[in-house]
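So the structure is just underneath, and the comments pick up after that.
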Amino acid sequence: MKIAVSAVGDSLDSQIDPRFGRCPYFVIVDASTMGFEAIPNTSQYATSGAGIQAAQSITNKGVKLVLTGSVGPNAFQVLSAAGVEIITSVSGTVRDAVAKFTSGQLRETTAMPTTTMGFGMGGGYGMGIGRGRGMGRGRGFKRWQAAGPYVPPLTSPPLTSPTPTMMSKEQEIQMLDSQMKALQLQLEQIRKRLEELKR
């Protein structure tokens, strides 16, 4: 089975990028042999339609399963129409994620995308603080998720300022607003999980 994993790099030891449509690479792994091919995600900087373009590029490779952090509604529709299964809330390295899948540690939950519409340039890799994580504004639902409750990672990349030529002031404001809302959502998820653990 061919598995596509959204990744920050081009190897099995690369970390999973939580953004499907705007990840830098897709590492396509043969689950039986662990042979792989890394393809650059040419749609990661698209101003719109990144998820659709990314979904089309990996379905053209014969992928049957996607492992990622989250997926938006447009990419979800393209993948579902092509018969591709989707597992979200996956983190760690590409190698670890595929191993968890093959050992049965990932399971189905619901049948919906995990984010609502994103914000174009704000989700681009490396274009601002947080690397565009959580580019969707809504909470959405999960089609698949890792076994056990998902707790967002507590570490994030260092804060960096985008270069002035990369985006306008309005785009940066929009991006920062989106990222602030994503962080608020992560804090709420952590708070809920802490409450569950204290019971």
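With a 10 Å Cβ neighbour count serving as the proxy for reagent exposure, in which order, fewest first, do Ser11, Ser6 appear?
The order, fewest Cβ neighbours first, is Ser11, Ser6.
Just to confirm a number: summing +1 for Lys and Arg and -1 for Asp and Glu over residues other than Ile39 whose beta-carbon lies under 10 angstrom from that of Ile39, what do you get?
Values: positive: Lys61; negative: Asp10, Glu37.
Surrounding charge for Ile39 is -1.
For the pair Ile39 and Gln189, how long in nm is the line joining their label points, each one 7 Å along Cα→Cβ?
2.7
Give me the extension gain from Glu196 to Ile173: residue separation times 0.36 nm, minus the current Cα-Cα distance, reported in nm with one decimal. Kindly include the intermediate steps, with their values, before the conclusion.
Working: separation 23, 0.36 × 23 = 8.28 nm, distance 3.48 nm.
4.8 nm is the gain from fully extending Glu196 to Ile173.
FYI, it's all coordinate maths here, none of it is from the lab. Since this is a predicted model, take the numbers as computed values, not measurements. Cβ coordinates were reconstructed from backbone atoms using ideal geometry, including for glycine residues, and neighbour counts include every protein chain displayed.
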